[in-house]
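Undergrad: The structure's right below; bear with me while I get my questions together.
The values are calculated or read from the model by the stated rules, or taken from the named source; none is laboratory data. Here the structure is a predicted model, which means the values were calculated and not measured. Cβ: placed from backbone, ideal geometry, glycine included. Neighbour counts: every protein chain shown.
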Amino acid sequence: MTPSPLPPGTSVRLGAIVPPANPAAEPELHALTGAAAVLHIARLPVLAGDLRARCEGYGATYPEAVRAFGELDLAAIGIAFMSATYRDGPEADAALCRRLSEAAGCPVATASLAVTEALRALGARRIALVSPYPDWLTEWSRGYWREGGFEVAALTTMGDVFRAYDASEDELAGAIAAVGATAADAVLLTGTGAYTLGALARVGDTHSRCYLTSNLCLAWWLMRSAGLPQAPLLASLNPALAATRG
């Protein structure tokens, strides 16, 4: 990759790949990686078909999406999408990311792999899962975490529909809080398409729990992979994760 000048105050370039209609991943990742890194964005292609067809088809587009950055000198690339790798499981996900990393010449991770690494870095084994997915995709998600060695101690859904793109902050905060006093090591809100930062700040002020989201974990993974300290916003939302070395 070709070195190029960086804006003053920054030290690395990071890449993120997001689904075409995802409204939240880009602004949340910008906020969570902070001022030390320049975040460059590529979008996955628009695929025909319903949600299931897109989930089944997007994995095949990842190699071309990684190549879309050309010769830009990136320290790491994160794929802000979970659903395409749920069904295949964590081992296949990790293998895919290794192939993509080799092709890109820098570390590459899906959001699902980033969440897995964050949970392991925290030593979390029991998770309370908050899902904005329809039932079939929730089951794919639950199966992925179980296969990765995690116990799903509690599950809260937002109905048998896809709610990640249109759920309000109030709804998300309520869904996160609904897991109550479940004996879990971490509460995980899955899906990169929901605006979660406001909801996390609200529940974090009133509950002493470890709260994770897909975008928070992907931002953590990107900064860790680049060898940078975590940004202030991420550190304020999850101090324990920010303090880990992975």
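Undergrad: Which condition from (1) at pLDDT 90 or above; (2) not in a helix (DSSP H, G or I) is the one that Phe162 breaks?
TA: It is condition (1) that Phe162 fails.
Undergrad: Oh, and also: From the list Gly191, Gly204, Gly198, pick out the single residue that is under 20 Å from Leu241 (Cβ atoms) and either in a loop (DSSP other than H, G, I, E, B) or in the same structural domain as Ile17 (by TED's automatic domain parsing) (or both).
TA: Step by step, each of Gly191, Gly204, Gly198 is checked, and only Gly191 is under 20 Å from Leu241 (Cβ atoms) and either in a loop (DSSP other than H, G, I, E, B) or in the same structural domain as Ile17 (by TED's automatic domain parsing) (or both).
Undergrad: Restricting segment 41-62 to residues that are loosely packed, with under 14 Cβ neighbours inside 10 Å and either in contact with a Cys (Cβ under 7 Å, 6 or more places away or on another chain) or in contact (Cβ under 8 Å) with a residue 24 or more places away in the chain (or both), which is nearest to Asp93 (Cα to Cα)?
TA: Only one residue tops the list, namely Pro45.
Undergrad: Mind telling me which of the residues Leu129, Leu137, Leu119, Leu113 ends up being in contact (Cβ under 8 Å) with a residue 12 or more places away in the chain, surrounded by 19 or more Cβ atoms within 10 Å (Cβ to Cβ), in contact with a strand residue (DSSP E or B) (Cβ under 6 Å, 6 or more places away or on another chain) and aliphatic (A, V, I, L, M)?
TA: One residue alone meets the criteria, Leu129.
Undergrad: Does Tyr144 qualify as being surrounded by 15 or more Cβ atoms within 10 Å (Cβ to Cβ), closer than 18 Å to Gly59 by Cβ, at pLDDT 95 or above and among the aromatic types (Phe, Trp, Tyr)?
TA: Judged against the criteria, Tyr144 is a match.
Undergrad: Consider Asp166 against the criteria (1) within 18 Å of Ser131 (Cβ to Cβ); (2) in contact (Cβ under 8 Å) with a residue 12 or more places away in the chain: it satisfies all of them except one. Which criterion is unmet?
TA: (2)
Undergrad: Within segment 1-26, count every residue that is within 25 Å of Pro132 (Cβ to Cβ) and free of Cβ contacts under 8 Å to residues at least 60 places away in the same chain.
TA: Qualifying residue count for the region: 2.
Undergrad: Another question about this same structure. Whether any residue in segment 220-231 is of a type in the set (Ser, Thr, Tyr), crowded, with 21+ Cβ neighbours inside 10 Å, at pLDDT 95 or above and not assigned by TED's automatic domain parsing to the domain that holds Arg87 is what I want to check.
TA: no
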